[in-house]
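The values are calculated or read from the model by the stated rules, or taken from the named source; none is laboratory data. Note that the structure is predicted; figures quoted are calculated from it, not measured. Neighbour counts run over all protein chains shown; Cβ positions are idealised from the backbone, glycine included.
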Amino acid sequence: MRLGLVRGMFALIVSLGAVSAAHAAVPWFALGPYGGDARSITADPGDARHLFLGTVNGWVYESHDGGKSWSRLAQIDRRDDLVIDHILVDPADPKRLVVGAWVIDRPEGGLFVSIDGGKNWYDQAEMRGQSIRSLARGTQDPKELVAGTLKGVFRSMDNGTHWTQISPPGSVEIHEVESIAIDPKDGNIIYAGTWHLPWKTTDGGEHWSNIKNGVIDDSDVFSIIVDPVHTKTVYASACSGIYKSNDGGLQFQKVQGIPSTARRTRKLMQDPRALRTVYAGTTEGLYKTLDGGQLWQRMTPADVIVNDVFVDPDNTNHVLLATDRGGVLRSEDGGASFTDSNTGFSARQVDAYASDPSVPATVYVGVVNDKTTGGVFVSHDGGVSWEQRSQGLNGNDVFSLVSLGNGGNAQLLAGTGHGVYRMTEQGTWASSNAMIYPHIPAAKPAPKKIPARGTTLHRKAVAYELPQHRGAVAAKTEHAAAVSLPDHLDAVIYSFAQQGESVYAGTSRGLMRSSNAGLEWTPVSALTMPDVRFLGEHGKMIFAASLKRMALSPDEGVSWDAIALPPDLTQIGAVGVDELGNLWVGGREGVYYSTDYGESWKTLKNLFLTQVNSIFFDAQNHRVLITAANSPFAFAVGLPSYSVTYWDSGWLLRFARPMGDHLVAASLFDGMVIQPRMVTSGFNGK
């Protein structure tokens, strides 16, 4: 890559002197690609252009331009599992922020407070560990905060310093509180929506009543809003639809006009200047009504999952959505049209990476869990900017990438959960899963005319001993019944390895080989390993592994030898082969290498790693790059000295790759990151 470009973009020239890499305080820079899961958007009450964004991985972002661009503010409690659905900004002191967080699949979370604008946070002791699903601030008394948790409803009358449970402790009804609303004119009137039905108190929690009349039984209540002027008007959204009450919740009527009664409406938001205009963020798009809920119109495609809606109080045509996978969407015309607004915000899970050695500034990454908003992204400037290139991938996750050839002749292949895709000259993707099978005559071939090689009849011919397929060897004789083989590779493609004119694919159906740039695939029948997840290669050697087994071919896949795992290793997470012919394997218990083709295994001194998730041989720099899922360090083992160099990236990493004289890496959940400057601390680890 052009090093000067990246330095210019990020002002990367940092004077660190002799500070060791293990203690360098300079963080690696996040590069994108932009987008991912966004959960909540909140404005500074005194400055509507100053916004805060909550995520699913503990990060809080901020914007000073109304959501056009974002910057990372802080990661709450340095955890990547906190879902931040609620951020409150103190109207009297905008530097005081309160965040409610919860954890997916575990009853954990907490309430966190910042007094310096979000740079530093502490957890509130009385709410420590609670799974906070809802949080609201009073209008009449802004020091009143109410939180809904898995245990019930909690209230603070001193701006979050102290908390008291106001729902009956141990109640079998008022728990798992997903939504909270405080009456704008009377702070003692509080509405609570649970995973079952809505509730209400008129005396600050002394007594509660179930307000379920008109609501379909067993409805998860996701959002409740109270009209700030006509406070008897209450809207509630649930998995069964949207409800409206004109008498403070005594009776609800189901709002008509939104087509599916099972739609999950996660967020309701009134236009602060036109109170009969209400937005409904659902799991099937954004809806809007101009008449208090009588008629609704869908404003986005149905595949948009809306988690939060922000309407600018100064300019109500300015609307922002926090969405799953698509990040932030922005509208300047009241929701009539939306565009991506994710510059600076990246919550992508990058699983795959490829670059062309002749054009190192052009890199490709593949992401998972983002469906049509994900797929493959390309950067032509070393990650400074990205373009989505996913047309034709059909929303498939991308687990592996490989660039075949050089320069303008490079051919890009993507491995997905449903086979291989090949990038066309038009920049779109086409399925590239044609299967062919080698002609292996049976011991007693039937005297039949052999169909042409590669045809469907050839693949179904009964006069052959068929290679291993899906872990079982099928033999054909003149008396055997016909067996139909699939004519396309519909499998999970975990990894690629290029060797000369051939490319290998590690798949959920074994090892596959292509000699024509991925147009057709042939099972490598000599390897009896039905699930090949990891591949390493150098010269004529190919190293293949599943989670529990390994095998080595010294002759480009013609023959294979089983390789025993290191005695301490219980599950494989990565493999590699270096220029000396050493084998490398890593996993839960650490990283190991063998200088005798797997006869014995060694460890490197002072390199104590667990949860190893990537091993990559960097041929240009004669080193092996290693990362672990529970460590922010990227390690390089130099050859032939076996000296270890390491860098503290500040991020938990999925893999690291060379880019010029720098490293780039994939964080676990925050997209790509780049090393600000090459700073080394070496020691001999052999």
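For this structure, a couple of remarks:
- Total residues in the range 307-358, condition under 28 Å from ILE615 (Cα atoms) and basic (Lys, Arg): 1
- Some residue of the range 135-156 being over 18 Å from HIS86 (Cβ atoms) and touching a strand residue (DSSP E or B) at 6+ places or on another chain (Cβ under 7 Å): no
- Residue tally, condition at pLDDT below 95, within 18 Å of PHE617 (Cβ to Cβ) and buried (at least 18 other Cβ atoms within 10 Å of the Cβ), over the range 485-501: 1
- Comparison of GLY241, GLY257 shows that the only residue that is modelled with pLDDT under 95 and surrounded by fewer than 18 Cβ atoms within 10 Å (Cβ to Cβ) is GLY257.
- Cross-chain or 6+ apart pairs with Cβ under 8 Å, the range 166-179 first and in contact (Cβ under 8 Å) with a residue 40 or more places away in the chain and under 17 Å from ILE132 (Cα atoms), then hydroxyl-bearing (Ser, Thr, Tyr) and exposed (fewer than 14 other Cβ atoms within 10 Å of the Cβ): none
- Of the residues ASN246, ASN213, the single one that is within 22 Å of THR277 (Cβ to Cβ) and touching a residue at least 12 places away in the same chain (Cβ under 8 Å) is ASN246.
- Filtering the range 15-59 to residues that are exposed (fewer than 13 other Cβ atoms within 10 Å of the Cβ), at pLDDT below 50 and not hydroxyl-bearing (Ser, Thr, Tyr) leaves GLY17, ALA18, ALA22, HIS23, ALA25.
- Evaluation of ARG348 against (1) under 19 Å from the mean Cα position of the chain (by Cα); (2) surrounded by fewer than 24 Cβ atoms within 10 Å (Cβ to Cβ) (one fails), failing number: (2)
- Single condition GLU206 does not satisfy, out of (1) acidic (Asp, Glu); (2) over 27 Å from VAL99 (Cβ atoms); (3) within 31 Å of the chain's Cα centre (by Cα): (3)
- Checking the range 227-237 against the condition returns no match, with no residue being in a loop (DSSP other than H, G, I, E, B) and modelled with pLDDT under 95.
- Counted residues, the range 608-622 - those being surrounded by fewer than 19 Cβ atoms within 10 Å (Cβ to Cβ), hydrophobic (A, V, I, L, M, F, W, C) and touching a residue at least 24 places away in the same chain (Cβ under 8 Å): 1
- Residue match in the range 74-86 (condition: surrounded by 17 or more Cβ atoms within 10 Å (Cβ to Cβ), within 19 Å of GLY327 (Cβ to Cβ) and over 22 Å from the mean Cα position of the chain (by Cα)): no
- In the range 330-345, the residues that are in a loop (DSSP other than H, G, I, E, B) and either in contact with a Phe, Trp or Tyr (Cβ under 7 Å, 6 or more places away or on another chain) or surrounded by 21 or more Cβ atoms within 10 Å (Cβ to Cβ) (or both): GLY335, PHE338, SER341, ASN342, GLY344, PHE345
- Taken as a whole, the structure places ASP397 among residues that are among the charged types (D, E, K, R), touching a strand residue (DSSP E or B) at 6+ places or on another chain (Cβ under 9 Å), modelled with pLDDT of 95 or more and under 30 Å from GLY35 (Cα atoms).
- Scanning the range 119-157 for residues that are buried (at least 17 other Cβ atoms within 10 Å of the Cβ), aromatic (Phe, Trp, Tyr) and under 27 Å from the mean Cα position of the chain (by Cα) yields one hit, TRP121.
- For the range 158-201, residues that are touching a Gly at 6+ places or on another chain (Cβ under 9 Å) and either at negative phi or exposed (fewer than 15 other Cβ atoms within 10 Å of the Cβ) (or both) total 29.
- Residue list for the range 320-342, filter: over 18 Å from ALA302 (Cα atoms) and in contact with a Gly (Cβ under 7 Å, 6 or more places away or on another chain): SER341, ASN342
- Enumeration of residues in the range 381-410 that are within 20 Å of MET512 (Cβ to Cβ), of a type outside the set (Ser, Thr, Tyr), out of contact with any His (no Cβ under 6 Å at 6 or more places or on another chain) and crowded, with 18+ Cβ neighbours inside 10 Å: LEU393, ASP397, VAL398, PHE399, LEU401, VAL402, LEU404
- Only residues that are under 22 Å from GLY334 (Cβ atoms) and of a type in the set (Ser, Thr, Tyr) were counted across the range 234-282, and they come to 6.
- Residue within the range 588-598 that is surrounded by fewer than 22 Cβ atoms within 10 Å (Cβ to Cβ), in contact with a strand residue (DSSP E or B) (Cβ under 7 Å, 6 or more places away or on another chain) and either under 24 Å from ARG348 (Cβ atoms) or without any contact (Cβ under 8 Å) to a residue 12 or more places away in the chain (or both) present: no
- 1 or more residues crowded, with 22+ Cβ neighbours inside 10 Å: qualifying strands (runs of 3 or more DSSP E) within the range 512-565: 520-523, 534-538, 541-545, 550-553
- Of the residues contained in the range 352-361, one or more are found to be aromatic (Phe, Trp, Tyr) and closer than 23 Å to TRP521 by Cα.
- Test: SER358 is polar (S, T, N, Q), closer than 26 Å to SER667 by Cα and either in contact with a helix residue (DSSP H, G or I) (Cβ under 6 Å, 6 or more places away or on another chain) or surrounded by fewer than 23 Cβ atoms within 10 Å (Cβ to Cβ) (or both): yes
- Screening the range 25-83 for strands (runs of 3 or more DSSP E) wholly inside it with 3 or more residues that are touching a strand residue (DSSP E or B) at 6+ places or on another chain (Cβ under 7 Å) and not hydrophobic (A, V, I, L, M, F, W, C) returns the ranges 38-44, 47-55, 59-63, 71-75.
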